[in-house]
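As structure tokens, the structure follows; a few thoughts come after it.
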Amino acid sequence: MGTRQEQREQRRWLILKCALDLFVRRGYQETTIGQIAEAASMSTGLMFHYFPSKEDLYLALVSIGEEGTNAPKGQQTDDPIAYFRDFLEELFALTEEEPWIPQMFVLMAHAQREGAPETVRDVALRVDQAEYSAKIIERGQAAGVMRNGDPLALSRTFWAAVQGVMERWASNLEEKRPDPEWLLGILAK
């Protein structure tokens, strides 16, 4: 059954996954703490032991999203095409194991919009993989392996395509995964 701390972490993770699902399907404003507690099969009072408010729960999810989004920055970038290919292959494989990941993409996009609590929005807006990726695209252009054009615009186009794929998966996990080469076609010559 695990130690008390392990049980607490499992329960916390269950709350986070239930909240993520409800925030994506119903929206943050339309989701109540009671609905999250019901989905997690616990009392509202017990939930407050884990998260003092719905905003704290939202912030915890967005913080997880921020941490995960910044993960590709640790990959080697000597080969620009390999950087993006490896990222896509890793992301697509991970979504097979962790079906909540596409929902996280949707949540992060919602959290960056007007109407999200300011504390949450501030964290979500720190996530911008496009600027980092634009530098890699510039190196790929200099090496002659990436398409010409404004590196930031190319980067934003690539990330918009990734976002679109993830949003499709969030609403239909049975959706066929695209070949990473299709998305690489946005960037590669």
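Accessible surface for the chain, divided over its residues, is 54 Å² per residue with a 1.4 Å probe. Using a cut-off of 13 Å between beta-carbons, work out the net charge of the residues near Pro80 (Lys and Arg +1, Asp and Glu -1, Pro80 not included). With Lys, Arg at +1 and Asp, Glu at -1, the neighbours total +1.
Applying the criteria of a DSSP loop state and at most 13 other Cβ atoms within 10 Å to the GluC sites (Glu not before Pro) of the range 66-175 yields Glu114, Glu174, Glu175.
The length gained on full extension between Ser63 and Glu114, counted as 0.36 nm times the residue separation minus their Cα-Cα distance, comes to 16.6 nm. Mean projection of the Cα convex hull over all viewing directions, computed for the range 82-162: 6.0 nm².
For every helix of n ≥ 4 consecutive DSSP H residues, a contribution of -39,500 (n - 2.57) applies; sum these over the chain, divide by its total residues, and give [θ] at 222 nm rounded to the nearest 500 deg cm²/dmol. Estimated from H runs of four or more residues: -22000 deg cm²/dmol. The residue among Phe158, Val24, Thr69 whose Cα reaches farthest toward the positive pole of the charge dipole of the chain, with charges on the beta-carbon of Lys, Arg, Asp and Glu, is Val24. Computed from the Cα positions only, the extents of the range 1-66 along the three principal axes stand at 35, 28, 19 Å, in decreasing order. For Glu89 and Leu46, the FRET efficiency from 1/(1 + (r/R0)^6), where r spans their Cβ atoms and R0 equals 35 Å, is about 0.30.
The modelled label-to-label distance between Glu131 and Lys176, using points 7 Å beyond Cα along the C-beta direction, is 3.9 nm. For Ala188, the residues 5 or more places off, or on other chains, whose built amide H falls under 5 Å of its own are Arg147. If R0 equals 35 Å, the separation of the Cβ atoms of Glu96 and Ala153 corresponds to a calculated FRET efficiency of about 0.70. Placing unit charges on each Cβ (+1 for Lys and Arg, -1 for Asp and Glu) gives the chain a dipole about its Cα centre, and among Ala170, Leu107, Met47 the Cα reaching farthest toward its positive end belongs to Met47. The label-point distance for Ile81 and Glu6, in a model that sets each label 7 Å from Cα toward Cβ, rounds to 4.6 nm. With contacts taken as Cα pairs under 8 Å at a separation of at least 6 residues, the chain carries a relative contact order of 22 percent.
Taking the Cα centre of the range 1-138 as origin and assigning +1 to Lys and Arg Cβ atoms and -1 to Asp and Glu Cβ atoms, the resulting dipole is close to 640 debye. Based on Cα contacts under 8 Å between residues 6+ apart, the range 89-189 shows a relative contact order of 32 percent. Note on the chain: Lys pairs 8 or more places apart or on different chains, Cα atoms under 24 Å apart, count 5. Note on the chain: Kirkwood hydrodynamic radius from all Cα pairs is 18.0 Å, rounded to one decimal.
The values are calculated or read from the model by the stated rules, or taken from the named source; none is laboratory data. Being a predicted model, the structure only gives us computed values, none of them experimental. Please note: Cβ atoms are built from the backbone with ideal geometry, for glycine as well, and neighbour counts cover all protein chains shown. With ligands, DNA and RNA removed, areas are computed over all heavy atoms of the protein, side chains included. Shrake-Rupley method; radii C 1.70, N 1.55, O 1.52, S 1.80 Å.
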